[in-house]
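Peer 1: Structure in structure tokens, see below.
Any read-out appearing in this document is the output of simple, stated calculations on the displayed coordinates, not a laboratory observation. These numbers were taken from a predicted model, which means no experiment stands behind them. Cβ coordinates were reconstructed from backbone atoms using ideal geometry, including for glycine residues, and neighbour counts include every protein chain displayed.
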């Protein structure tokens with residue numbers, strides 16, 4: 001088969017479920033196989049993925065992996081004229097992760113959203129051991145890992161098509177974790193994550209209030225865009241004092257390569 005028409009297997013490692021979809025690539029792409037099953041923690045997900053990949057339906061293809069925010073850490077890396085290259089920017093991101101996560105940061109694989117772009121950017125970090133384990137599982141199944149992408153950046157890149165504001169809040173919720181960011185004119189001003197242990201209608205307003213207190217001042221966006229993944233986003237509508245735009249049903253176009261322009265993809 002020509003490399004231009006190589007099949008692709010999309011693997012989504014959600015917080016509580018594993019989804020595999022195989023696309024037959026050609027002039028008209030077709031979904032030729034799909035499998036979904038519930039999973040528990042990270043170890044359970046890896047064991048489930050190993051079992052599923054024994055099926056010949058998933059072999060001999062390119063692979064793209066989408067990973068839950070539960071497995072990823074994020075920070076905003078400020079631009080500085082003193083940073084001379086990607087190595088300096090990555091070193092600063094590592095320092096920021098170390099301030100929050102201590103010695104655990106040493107075992108993280110770190111990628112930047114817009115290296116050498118001359119502006120603040122997002123850094124994503126994931127346990128390097130998990131990344132290696134995914135590579136090994138895919139290689140054993142005859143799959144070539146082409147893209148390893150965090151949930152936040154996939155969702156944000158899709159949402160941008162429906163966001164017209166220059167200054168806005170962006171939230172992404174999934175079972176176990178809630179993320180809240182503020183952006184202004186394409187610049188990431190803040191980004192925070194908290195464990196989601198209560199209803200979204202309580203957690204999101206509380207997180208929004210804390211973000212405002214941390215930022216100080218009184219000039220804040222009045223609109224918040226929300227993606228609730230595997231959850232009911234309508235629950236949050238009752239508690240927020242901003243206009244909330246629910247983007248939870250935003251879907252991915254087939255065969256798009258996400259993350260290259262405006263968010264970090266942990267590419268391999």
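Peer 1: What FRET efficiency comes out for residue 206 versus residue 166 if R0 is 30 angstrom and r is the Cβ-Cβ distance? Round to the nearest 0.05.
Peer 2: Computed FRET efficiency for residue 206 and residue 166: 0.70.
Peer 1: Run the numbers on the range 63-194 and let me know its relative contact order in percent, using alpha-carbon pairs under 8 Å that are six or more apart.
Peer 2: Averaging sequence separation for qualifying contacts and normalising by length gives 29 percent for the range 63-194.
Peer 1: Which of the following values of mean projected area of the Cα convex hull in nm² was calculated from the structure shown: (1) 19.2; (2) 18.3; (3) 15.1?
Peer 2: (3)
Peer 1: Continuing with this model, one more query. What is the calculated FRET efficiency for residue 187 to residue 144, with r their C-beta to C-beta distance and R₀ = 41 Å, to the nearest 0.05?
Peer 2: Approximately 0.70, to the nearest 0.05.
Peer 1: Additional query: Relative contact order for the chain: what percent, with Cα pairs under 8 Å and sequence separation of 6 or more?
Peer 2: After rounding, I find 18 percent.
Peer 1: Another question about this same structure. Counting helices only, and only those DSSP H runs with n ≥ 4, report the 222 nm mean residue ellipticity of the chain as the sum of -39,500 (n - 2.57) divided by its residues, in deg cm²/dmol to the nearest 500.
Peer 2: So the calculated ellipticity at 222 nm is -7500 deg cm²/dmol.
Peer 1: Let me ask something else about it. Just order 25-32, 59-66 by mean Cβ neighbour count inside 10 Å, highest at the front, would you?
Peer 2: 59-66, 25-32
Peer 1: Let me ask something else. Where does each of 164-171, 84-91 land if you order them by average Cβ count within 10 Å, highest first?
Peer 2: Going from most to least packed, we get 164-171, 84-91.
Peer 1: Still on this structure: On alpha-carbon atoms, Rg over Rh for the range 83-173 using Kirkwood Rh?
Peer 2: Reported Rg/Rh, Kirkwood definition of Rh: 1.02.
Peer 1: Compute the projected area of the convex hull of the Cα atoms of the range 120-249, averaged over all viewing directions, and report it in nm² to one decimal place.
Peer 2: Approximately 9.3 nm², given one-decimal rounding.
Peer 1: Can you give the translational diffusion coefficient of the range 1-116 in µm²/s, computed by Stokes-Einstein from the Kirkwood radius over Cα pairs at 37 °C and 0.692 mPa s?
Peer 2: This corresponds to a translational diffusion coefficient of 193 µm²/s.
Peer 1: Counting only DSSP beta bridges with both residues in the chain, tell me the antiparallel percent, nearest 5.
Peer 2: 65
Peer 1: Something else about it: Specify the angular offset, from 0 to 90 degrees and rounded to the nearest 10, of the alpha carbon long axis of helix 200-215 from the longest principal axis of the alpha carbons in the chain.
Peer 2: Orientation of helix 200-215: about 50 degrees from the principal axis.
Peer 1: Follow-up question, since we're still on this one. Can you give the extra length, in nm with one decimal, that the chain gains between residue 44 and residue 128 once fully stretched, where that is 0.36 nm per residue apart less the Cα-Cα distance?
Peer 2: 28.5 nm
Peer 1: Can you compute the FRET efficiency between residue 194 and residue 37 using 1/(1 + (r/R0)^6), with r the Cβ-Cβ distance and R0 = 45 Å? Round to the nearest 0.05.
Peer 2: Using R0 = 45 Å, I get an efficiency of 0.95.
Peer 1: Of the beta bridges DSSP finds with both residues in the range 46-162, what % are antiparallel, to the nearest 5?
Peer 2: 60
Peer 1: I've got another one for you. Provide the packing ranking of 117-125, 132-140, i.e. peptides ordered by the mean count of other C-beta atoms within 10 Å per residue, highest first.
Peer 2: Ranked from most to least packed, the peptides come out as 117-125, 132-140.
Peer 1: If you don't mind, another one. Where does helix 128-140 land angle-wise versus the long Cα axis of the chain, in degrees 0 to 90, nearest 10?
Peer 2: Roughly 20 degrees between the two axes.
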